Amino acid sequence: MIIVKEELLKSEEACTYSFSLEEAGYYSINAQVTSDTDWAIKGNESCLVEVMLDLENGDVMRFHFVTYMGKVSHNYKVNFGYLQQGSYSVTIRNVNNAVCNEADMYLHQLELARIPLDKELTLVYKHAPVLYGRNHFTTYDGCYTDTPLALMYSYYLNEAGQLQIDYEFVFSHEDEGTPGKLLMSKWGRNTDIEWCYTVKLDADHFGVIERSYQGPEHEYRLFTGDFLLHTQRPILQVRTTNGNFDHKLDSNYCFALHPDIKWDKKLEPREKFMKQYNYINTIMIKEAERQLINHEEDKHRIAHPTKYVYAFFYVNEEHRNAVIDLVYKTETDRYISSAHDFYQPPFGYGSYTGGFAKFLIAMEMDLDWSVQDLHVRLLDGERMEIQKMEFYALRANGALEELYRVEESITLTQVGDCKRVKEGV
């Protein structure tokens, strides 16, 4: 259902539209928007847009999105969740947020769309968290940094035979916590992925057994907070500058993202979205341009994200806690992905130590390189069997372009063991 086409909203201007639903179901409001902003320019990063839904019984739901794509037309989706049939009105407002400069917002199309859901997705949407934005440095931190870009989920039977759904947010950056250099060498990105919320269900009848979330200091907490109006969607808030959460709320802007990205922990790296969603990589690039590339502190200063090799590793589950890095060596050059042999508490090695068997690391490379001179090295652990490797370049438009794929297994058997990733190329 197309509600409107073409509307200009200056700062604090709003427009209201009425519509009726003839059938109950899960619904999304999809706003095709541009704005006179640029995520790479300090003070002009975005507009904050409020989406207010008035229900027939007088209840009101307020959600927001941030126009991080600026002048590039983008479809910003708000997950309304389950709506009964009846009459509604929706108001779109360009909020004067006092954090970014006032800017015009162009609403090119507003669509109400029913979300087609199977049994699995119905449960995923039923329990999907609603997230209030961080207000640590300013009232609206998420308008210019660490903004939530996507919501991932994992859906599986756990060891207790319960149906478990885990939700993880992808943020545009991690302001504090892991320094910028290590974000690239350890995680292969300067975005942040944080486990937010888990619900455990009875596998037969889907009754809730336990709800939990990640609190400050990465604390595992049982969820005892509030839910979105008449639903089982928990309400949480970004509490810390490294992307941890709280069920106590003191923020006044709220994100309702779709759980668009399914992650199979046993088969895929978390960073699979980088291959699929160019807009996330584009925001990663822009936030690095604004915050990291010219940072005054060396530990936070990185090269431009397009100047890295991005390496996806698929290793044996038994060896997932071992640590490897990349070494590029020729007769004249030597590059090391692990932040030049970095090791320092509390961060440990300057390479991946996250405990998953599928992961991503990145190595800065400022020259034309050959895969024949690229090596993988065991930094810690008794052994690692690497089953597959994929190497990508990040382009300026946010696209990850595959360069090489190595499907011959490599086994590293002792610390310091260093082998070519591909012989005879």
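Some observations on this one:
- Flag if Leu157 is touching a strand residue (DSSP E or B) at 6+ places or on another chain (Cβ under 9 Å), within 12 Å of Val238 (Cβ to Cβ) and not small (Gly, Ala, Ser): no
- Residue list for segment 254-295, restricted to those being in contact with a Ser or Thr (Cβ under 8 Å, 6 or more places away or on another chain) and either farther than 20 Å from Leu182 by Cβ or modelled with pLDDT of 95 or more (or both): His258, Lys262, Trp263, Asp264, Lys265, Ile280, Ile283, Met284, Ile285, Glu287
- Cβ separations smaller than 6 Å between residues 6+ apart or across chains give the following pairs from segment 214-229 residues that are within 28 Å of Gln84 (Cβ to Cβ) to residues that are exposed (fewer than 14 other Cβ atoms within 10 Å of the Cβ): Leu229/Asp59.
- Residues of segment 68-94 satisfying the condition of being in contact with a helix residue (DSSP H, G or I) (Cβ under 9 Å, 6 or more places away or on another chain) and either under 14 Å from Ser11 (Cα atoms) or in a strand (DSSP E or B) (or both): His74, Asn79, Gly81, Tyr82
- Qualifying position, being buried (at least 19 other Cβ atoms within 10 Å of the Cβ), among the hydrophobic types (A, V, I, L, M, F, W, C), closer than 21 Å to Leu267 by Cβ and not assigned by the TED database to the domain that holds Tyr27, among Val199, Val170: Val170
Conditions tested, residue by residue: (1) more than 21 Å from Glu50 (Cα to Cα); (2) part of a strand (DSSP E or B); (3) at pLDDT 95 or above.
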| residue | (1), (2), (3) |
| --- | --- |
| His205 | yes, no, no |
| Glu210 | yes, yes, yes |
| Gln214 | yes, yes, yes |
| Glu217 | yes, no, no |
| Arg221 | yes, yes, yes |
| Gly225 | yes, no, yes |
| Gln237 | no, yes, yes |
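- Test: residue in segment 218-237 that is under 30 Å from Phe313 (Cα atoms), buried (at least 16 other Cβ atoms within 10 Å of the Cβ) and β-branched (Val, Ile, Thr): no
- Among (1) crowded, with 22+ Cβ neighbours inside 10 Å; (2) in a loop (DSSP other than H, G, I, E, B), the one test that Ala160 misses: (1)
- Cβ separations smaller than 9 Å between residues 6+ apart or across chains give the following pairs from segment 260-285 residues that are touching a residue at least 40 places away in the same chain (Cβ under 8 Å) and of a type outside the set (Lys, Arg) to residues that are assigned to a helix (DSSP H, G or I) and surrounded by fewer than 18 Cβ atoms within 10 Å (Cβ to Cβ): Ile261/Gln276; Ile285/Thr306.
- Subset of segment 387-405 (residues that are buried (at least 19 other Cβ atoms within 10 Å of the Cβ) and either among the charged types (D, E, K, R) or at pLDDT below 95 (or both)): Glu390
- Inclusion of Ala362 among residues that are in a strand (DSSP E or B), under 17 Å from Ser338 (Cα atoms) and touching a residue at least 60 places away in the same chain (Cβ under 8 Å) is warranted.
- Residue within segment 289-300 that is assigned to a helix (DSSP H, G or I), within 30 Å of Asp368 (Cβ to Cβ) and touching a Pro at 6+ places or on another chain (Cβ under 8 Å) present: no
The values are calculated or read from the model by the stated rules, or taken from the named source; none is laboratory data. Source: prediction; values computed, not measured. For neighbour counting, all protein chains shown are included, and Cβ atoms are generated from backbone atoms with ideal geometry for every residue, glycine included.
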